[in-house]
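Colleague: Pasting a structure here, questions to come.
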Amino acid sequence: DGGGAGWLVARPEAMPRLAGLGQRVCVSASAPAGHAALAGCEPESLAIFEARRQAFAARRDYLLPALRQLGFRIDIEPRGAFYLYADISAFGGHSADFCQYLLEQAGVAVTPGIDFGQYRADCHVRFAYTQSLPRLEEAVVRIARALPGWSPR
């Protein structure tokens, strides 16, 4: 609709074609979008963004080792996301069944891998760390209590 503002990171050799595309997609941002983009670069906004980044980093830094200690295999430490993609092979069973079990027995919502693609989706789940640190701590306690009762179908 031509009313956006943003940026793109790409390989240098792709930039000439992408620049042409950008000229056609974002001919001119609307005045409100332009003001919003500028406000996002103000020191006050940048301070809010940094505080949020630190909060998410603290949540990740808690949840990643806590889940690994419970037996989840997490190969990649996210640096810009707000979720962990965990392999549940050590527990057995299908990710959808595992997530249903955690929801019913622990009251913890985890998303099955099938929602994010096909490759090994049956043995992966996604933990989002969008909740506060105390809520994540409680979720880990609940998961730890529920895991011994898990039995793959």
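Colleague: Being in a helix (DSSP H, G or I), under 27 Å from residue 49 (Cβ atoms), aliphatic (A, V, I, L, M) and at pLDDT 95 or above, is that true of even one residue in region 68-91?
Modeller: Within region 68-91, none of the residues are in a helix (DSSP H, G or I), under 27 Å from residue 49 (Cβ atoms), aliphatic (A, V, I, L, M) and at pLDDT 95 or above.
Colleague: Filter region 106-117 for residues that are within 18 Å of the chain's Cα centre (by Cα) and part of a loop (DSSP other than H, G, I, E, B); which is nearest to residue 148 (Cα to Cα)?
Modeller: The residue in question is 108.
Colleague: While we're on this one: Tally the residues that are small (Gly, Ala, Ser) and farther than 26 Å from residue 80 by Cβ, restricting the search to region 107-153.
Modeller: Residues in region 107-153 being small (Gly, Ala, Ser) and farther than 26 Å from residue 80 by Cβ: 5 in total.
Colleague: Just one of the numbered conditions (1) open to solvent by 80 Å² or more (accessible area, probe 1.4 Å); (2) farther than 20 Å from residue 53 by Cα is not true of residue 135; which one?
Modeller: With (1) open to solvent by 80 Å² or more (accessible area, probe 1.4 Å); (2) farther than 20 Å from residue 53 by Cα applied to residue 135, the lone miss is (2).
Colleague: So in region 7-26, with the set limited to residues that are exposed (fewer than 10 other Cβ atoms within 10 Å of the Cβ) and in a loop (DSSP other than H, G, I, E, B), which one is modelled with the highest pLDDT?
Modeller: 11
Colleague: Quickly run through region 68-96 and pick out the residues that are within 18 Å of residue 142 (Cα to Cα), surrounded by fewer than 16 Cβ atoms within 10 Å (Cβ to Cβ) and not small (Gly, Ala, Ser).
Modeller: Selection gives 68, 69, 70.
For (1) surrounded by 15 or more Cβ atoms within 10 Å (Cβ to Cβ); (2) in a helix (DSSP H, G or I); (3) of a type outside the set (A, V, I, L, M), each residue gets a yes or a no:
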| residue | (1), (2), (3) |
| --- | --- |
| 65 | no, yes, yes |
| 104 | no, yes, yes |
| 127 | yes, no, yes |
| 141 | no, yes, no |
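The values are calculated or read from the model by the stated rules, or taken from the named source; none is laboratory data. These figures come from a predicted structure and were not determined experimentally. A quick note on method: Cβ atoms are made from the backbone with ideal geometry, for glycine too, and the neighbour counts reach across all protein chains shown. For accessibility, only protein heavy atoms count, side chains too; no ligands or nucleic acids. Shrake-Rupley method; radii C 1.70, N 1.55, O 1.52, S 1.80 Å.
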